[in-house]
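The numbers here are math on the coordinates, done by the rules we state, and not lab data. These numbers were taken from a predicted model, which means no experiment stands behind them. Here the Cβ is made from the backbone with ideal geometry for all residues, glycine too, and neighbour counts use every protein chain on show.
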Amino acid sequence: MDTTPAVALKDRIERCVARFADRREDWTVFGFETARDPQYARAQRRYLGASGSVDPADLRGGIPATAFTMSIQTMPRGNRIPMHCHETEEVFFILDGECLVRCWEGEKSCDIKLGRWDLVALPPFLQHEVFNTGSGDCQLQTLLAKSQPLRPQYADPELLKLQAAVG
C-alpha cells in the first residue's frame with residue numbers, strides 16, 4: 001500500500017496546526033496603547049492571521065488566515081481594551097475570568113457582563129470597550145470576521161496618532 005498521499009496530507013495538515021505550547025504571550029502587540037495608559041496592557045497569542053496589525057504578514061507564529069482571524073488575549077485584573085470599532089464583526093469568547101463589554105451608539109451605551117464560556121458577537125462599526133472586572137486575569141478568545149481586517153478605529157484621537165506613528 002502506497003502511503004505517499006497520506007504523508008503529503010499529514011504534512012499539509014500539520015501546517016494548519018497552531019499549538020498552545022508554541023504560542024507565546026506577546027505583550028508588545030498593544031505597546032502603543034499601553035504607552036498611552038498602562039491599564040491598556042494585555043498580551044496576545046496569535047493562532048490564525050495577524051488580527052488588525054500594521055503588517056498582515058506579521059503572523060508572529062500564527063497560521064495564515066483565509067476567512068477570519070483568531071487570537072487569545074490575556075488581560076490582567078483591572079485592565080481594559082480601549083474604545084474602538086472594526087469594519088468587520090468582532091467576537092469575544094471568554095475562556096476564563098470575567099469582563100464587561102460596554103457598547104456605544106452615539107451617547108448611549110449598554111453593558112454586557114461576560115464570564116467563562118460566554119460569547120458576544122459585535123456588529124461592524126459598533127464602538128466598544130472591554131473591562132476586566134474579575135479577580136484575576138481574563139482570557140479572551142478574539143475573532144475578526146476577515147482574514148486581513150483593517151486596524152482598529154479608536155475613539156481616542158491620541159491613540160489614533162500613536163497607531164499612525166507605528167506604521
Could you calculate the contour length gain from Val166 to Val17, that is, 0.36 nm times the residue separation minus the distance between their Cα atoms, to one decimal place in nm?
50.6 nm
So who's got an amide H within less than 5 Å of the one on Asp118, skipping anything under 5 residues away but keeping other chains? H placed 1.01 Å off N, in plane.
Ile94
Compute the longest continuous run of the chain that contains no exposed trypsin sites (Lys or Arg not before Pro); treat a site as exposed when its DSSP state is not H, G, I, E or B and it has at most 13 other Cβ atoms within 10 Å.
25-76
Going by alpha carbons, how many degrees (0 to 90, nearest 10) lie between the helix axis of 4-14 and the longest principal axis of the chain?
10
Could you pull out the longest piece of the chain with no exposed loop chymotrypsin sites (Phe, Trp or Tyr not before Pro) in it, calling a site exposed if DSSP puts it outside H, G, I, E, B and it has at most 16 other Cβ atoms within 10 Å?
69-116
Placing unit charges on C-beta atoms (Lys and Arg positive, Asp and Glu negative, everything else neutral), compute the dipole magnitude of the stretch 4-165 about its Cα centre in debye, rounded to 20.
460
Pull up all non-local amide H partners of Glu89: gap of 5 or more, or a different chain, and H-to-H distance under 5 Å with H placed in the peptide plane.
Ala145
With label points set 7 Å from each Cα along the Cα-to-Cβ direction at Ile112 and Arg24, the distance between them in nm comes to 3.4
Fluctuation leader among Glu33, Glu14, Glu87 - the chain, Gaussian network, Cα springs under 10 angstrom
Glu14
By how many nm would the segment from Ala121 to Asp58 grow when fully extended, if each residue of separation counts as 0.36 nm and the alpha-carbon distance is taken off?
20.2 nm
Between Ala155 and Ser135, take the C-beta separation as r, use R0 = 41 Å, and let me know the FRET efficiency to the nearest 0.05.
0.90
Quickly estimate the mean residue ellipticity at 222 nm for the chain, helices only: each DSSP H run with n ≥ 4 gives -39500 (n - 2.57), and the total goes over all residues, rounded to 500.
-4500 deg cm²/dmol
